[in-house]
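*Asks:* Following this message is one structure expressed as C-alpha coordinates.
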Amino acid sequence: DDPSRDLVAELTAFRDGILAVDGLGLVAAVLGPATDASVKSVYRERVVAPRRARLREILERAASDGLFAEASAEDRATAVAMAVGSWYALALAGETPADDWPERAARLVWQALGGAPPAE
(Lines give C-alpha, C1' and ligand atoms only; values in the text may rest on other atoms or scores of the structure.)
Protein backbone atom coordinates (compact mmCIF):
# COMPACT_ATOMS: atom_id res chain seq x y z
CA ASP A 1 0.00 0.00 0.00
CA ASP A 2 2.94 2.31 -0.77
CA PRO A 3 2.33 4.22 -4.03
CA SER A 4 6.06 4.68 -4.59
CA ARG A 5 6.75 0.96 -4.37
CA ASP A 6 3.61 0.22 -6.36
CA LEU A 7 4.89 2.47 -9.16
CA VAL A 8 8.20 0.58 -9.27
CA ALA A 9 6.31 -2.74 -9.26
CA GLU A 10 4.06 -1.65 -12.13
CA LEU A 11 7.01 -0.43 -14.20
CA THR A 12 8.85 -3.69 -13.45
CA ALA A 13 5.83 -5.64 -14.71
CA PHE A 14 5.77 -3.45 -17.84
CA ARG A 15 9.48 -4.09 -18.49
CA ASP A 16 9.15 -7.81 -17.87
CA GLY A 17 6.16 -8.01 -20.20
CA ILE A 18 7.97 -6.14 -22.97
CA LEU A 19 11.00 -8.41 -22.66
CA ALA A 20 9.04 -11.66 -22.39
CA VAL A 21 7.25 -11.47 -25.73
CA ASP A 22 9.38 -9.18 -27.91
CA GLY A 23 6.98 -6.45 -26.92
CA LEU A 24 8.69 -3.83 -29.05
CA GLY A 25 8.12 -5.94 -32.15
CA LEU A 26 4.51 -6.44 -31.14
CA VAL A 27 3.97 -2.72 -30.60
CA ALA A 28 5.58 -1.95 -33.96
CA ALA A 29 3.35 -4.49 -35.69
CA VAL A 30 0.20 -3.25 -34.00
CA LEU A 31 0.93 0.38 -34.82
CA GLY A 32 1.89 -0.35 -38.42
CA PRO A 33 -0.31 0.93 -41.24
CA ALA A 34 -1.09 -2.61 -42.43
CA THR A 35 -2.68 -3.56 -39.11
CA ASP A 36 -6.45 -3.56 -39.14
CA ALA A 37 -8.04 -0.80 -37.05
CA SER A 38 -10.01 -3.35 -35.03
CA VAL A 39 -6.78 -5.11 -33.99
CA LYS A 40 -5.32 -1.78 -32.91
CA SER A 41 -8.46 -1.04 -30.95
CA VAL A 42 -8.40 -4.39 -29.14
CA TYR A 43 -4.69 -3.98 -28.31
CA ARG A 44 -5.31 -0.53 -26.87
CA GLU A 45 -8.35 -1.76 -24.93
CA ARG A 46 -6.77 -4.90 -23.48
CA VAL A 47 -3.09 -3.98 -23.12
CA VAL A 48 -2.49 -0.23 -23.22
CA ALA A 49 -5.55 1.06 -21.36
CA PRO A 50 -5.29 -1.29 -18.35
CA ARG A 51 -1.59 -0.50 -17.86
CA ARG A 52 -2.23 3.24 -18.09
CA ALA A 53 -5.17 2.91 -15.69
CA ARG A 54 -3.01 1.13 -13.12
CA LEU A 55 -0.28 3.76 -13.40
CA ARG A 56 -2.84 6.57 -13.20
CA GLU A 57 -4.44 4.99 -10.12
CA ILE A 58 -1.06 4.78 -8.37
CA LEU A 59 -0.31 8.44 -9.08
CA GLU A 60 -3.84 9.51 -8.09
CA ARG A 61 -3.49 7.63 -4.81
CA ALA A 62 -0.16 9.33 -4.14
CA ALA A 63 -1.71 12.72 -4.90
CA SER A 64 -4.65 11.97 -2.59
CA ASP A 65 -2.19 11.01 0.13
CA GLY A 66 -0.51 14.42 -0.27
CA LEU A 67 2.73 12.98 -1.57
CA PHE A 68 3.02 15.40 -4.51
CA ALA A 69 3.42 19.16 -4.36
CA GLU A 70 0.36 20.35 -6.26
CA ALA A 71 0.78 18.21 -9.38
CA SER A 72 -2.27 18.69 -11.56
CA ALA A 73 -4.30 15.89 -13.11
CA GLU A 74 -2.80 16.90 -16.47
CA ASP A 75 0.71 16.59 -15.00
CA ARG A 76 -0.11 13.13 -13.69
CA ALA A 77 -1.50 12.10 -17.10
CA THR A 78 1.71 13.28 -18.75
CA ALA A 79 3.74 11.41 -16.13
CA VAL A 80 1.95 8.17 -17.04
CA ALA A 81 3.01 8.61 -20.67
CA MET A 82 6.54 9.59 -19.65
CA ALA A 83 6.95 6.53 -17.47
CA VAL A 84 6.45 3.92 -20.16
CA GLY A 85 7.50 6.24 -22.97
CA SER A 86 11.00 6.42 -21.57
CA TRP A 87 11.41 2.68 -22.23
CA TYR A 88 10.31 3.09 -25.85
CA ALA A 89 12.54 6.14 -26.34
CA LEU A 90 15.62 4.27 -25.13
CA ALA A 91 14.80 1.25 -27.28
CA LEU A 92 14.21 3.40 -30.38
CA ALA A 93 17.58 5.05 -29.82
CA GLY A 94 19.19 1.61 -29.82
CA GLU A 95 19.98 1.72 -26.12
CA THR A 96 19.23 -1.07 -23.69
CA PRO A 97 17.43 0.26 -20.64
CA ALA A 98 19.43 -0.38 -17.46
CA ASP A 99 18.42 -3.23 -15.19
CA ASP A 100 17.25 -0.68 -12.64
CA TRP A 101 15.14 1.20 -15.20
CA PRO A 102 11.90 0.69 -13.21
CA GLU A 103 13.41 2.31 -10.11
CA ARG A 104 15.01 5.15 -12.08
CA ALA A 105 11.88 5.89 -14.12
CA ALA A 106 9.69 5.78 -11.01
CA ARG A 107 12.03 8.10 -9.11
CA LEU A 108 12.14 10.62 -11.96
CA VAL A 109 8.34 10.58 -12.39
CA TRP A 110 7.89 10.94 -8.63
CA GLN A 111 10.24 13.91 -8.43
CA ALA A 112 8.75 15.53 -11.54
CA LEU A 113 5.38 15.53 -9.77
CA GLY A 114 6.89 17.25 -6.75
CA GLY A 115 7.27 14.22 -4.56
CA ALA A 116 10.16 13.69 -2.22
CA PRO A 117 12.52 11.07 -3.59
CA PRO A 118 11.39 7.66 -2.40
CA ALA A 119 13.62 5.96 0.13
CA GLU A 120 15.91 3.47 -1.54
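*Asks:* From (1) touching a residue at least 60 places away in the same chain (Cβ under 8 Å); (2) surrounded by 16 or more Cβ atoms within 10 Å (Cβ to Cβ), pick out the condition that doesn't hold for residue 65.
*Replies:* Status for residue 65: all satisfied but (2).
*Asks:* I'd like the residue in the stretch 21-34 that is in a helix (DSSP H, G or I) and small (Gly, Ala, Ser) and, out of all such residues, is modelled with the highest pLDDT.
*Replies:* 29
*Asks:* Hey, can you tell me all the residues within the stretch 1-20 that are modelled with pLDDT of 95 or more, closer than 17 Å to residue 90 by Cα and open to solvent by less than 20 Å² (accessible area, probe 1.4 Å)?
*Replies:* Scanning the stretch 1-20 gives a single hit, 11.
*Asks:* Name the one entry in 114, 85 that is open to solvent by less than 60 Å² (accessible area, probe 1.4 Å) and on the phi > 0 side of the Ramachandran plot.
*Replies:* Just a single option satisfies the conditions, and that option is 114.
*Asks:* Now for a different question. Answer yes if at least one residue in the stretch 81-95 is under 18 Å from residue 2 (Cβ atoms) and touching a Leu at 6+ places or on another chain (Cβ under 8 Å), and no otherwise.
*Replies:* yes
*Asks:* Related question: For the stretch 27-41, indicate whether the set of residues that are in contact (Cβ under 8 Å) with a residue 24 or more places away in the chain, at negative phi and open to solvent by less than 70 Å² (accessible area, probe 1.4 Å) is non-empty.
*Replies:* Yes: one or more hits.
*Asks:* Here's another thing I want to ask about it. Can you run down the residue pairs with Cβ atoms below 8 Å, 6 or more apart or on separate chains, where the first is in the stretch 99-114 and more than 13 Å from residue 3 (Cα to Cα) and the partner is modelled with pLDDT of 95 or more and among the hydroxyl-bearing types (Ser, Thr, Tyr)?
*Replies:* 102/12
The values are calculated or read from the model by the stated rules, or taken from the named source; none is laboratory data. Please read these numbers as outputs of a predicted model, since none were measured by experiment. In this analysis, Cβ positions are derived from the backbone assuming ideal geometry, glycine residues included, and neighbour counts consider all displayed protein chains. Note: accessible area is taken over every heavy atom of the protein model, side chains too, but ligands, DNA and RNA are not part of it. Shrake-Rupley method; radii C 1.70, N 1.55, O 1.52, S 1.80 Å.
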